[in-house]
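Peer 1: Pasting in a structure now, in structure tokens, and then I'll have a few things to ask.
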Amino acid sequence: MPGRALAFIALALAACSPPPPARIATESPSQGSCEGELHVVNASSRTVDRLFLARLSLEGWGRDRLGQEVLRPGRSANYRATAPGAQDLRIVWADGRAAELRRVDPCATGTIRIEDNRLKAS
């Protein structure tokens, strides 16, 4: 019986002791905050009719970022990613041909160059 009493006292004391300190999650400040913006330059000889920028995990391309506009040869525009992280980019020229660039990180890539047969990140 004395062993039982000691076990009971040990459990009672453990129940009364304060809980361990809670971990506090802290975020380290980001190294130069990223706005998620891409500068797209049409260096091709053709007009771009549609431009899509979609998060990798999404199905489909979403809305055309050009809307009623087009991106003529020699012109450029800035587009902000709608979600953080890597993006897929797709353009469709006026003649219906298309080009895609996968896994573009807007925080690591500043410019997308549209060339006659491809997209190039720099």
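All of the numbers you see were taken from the coordinates with simple rules; none came from a lab. Just so it is clear, the model here is predicted, and its values are computed rather than measured. Cβ atoms come from the backbone with ideal geometry, glycine included; neighbour counts cover every protein chain shown.
Peer 1: Under the definition of Cα pairs under 8 Å and six or more residues apart, what whole-number percent is the relative contact order of the range 35-121? Write down the numbers at each step before the final one.
Peer 2: Details: 201 pairs, mean separation 33.6, N = 87.
The normalised contact order for the range 35-121 reaches 39 percent.
Peer 1: Rounded to the nearest 0.05, what FRET efficiency do residue 95 and residue 122 give with R0 = 25 Å and r taken as the Cβ-Cβ distance? Could you check?
Peer 2: Working: r = 25 Å, r/R0 = 1.01.
Calculated value: 0.50.
Peer 1: A further question on this structure: How big is Rg to Rh over the range 79-122, alpha-carbon atoms, Rh as the Kirkwood inverse-mean-distance radius?
Peer 2: Working: Rg = 10.8 Å, Rh = 11.1 Å.
Using only Cα positions, Rg/Rh for the range 79-122 is 0.98.
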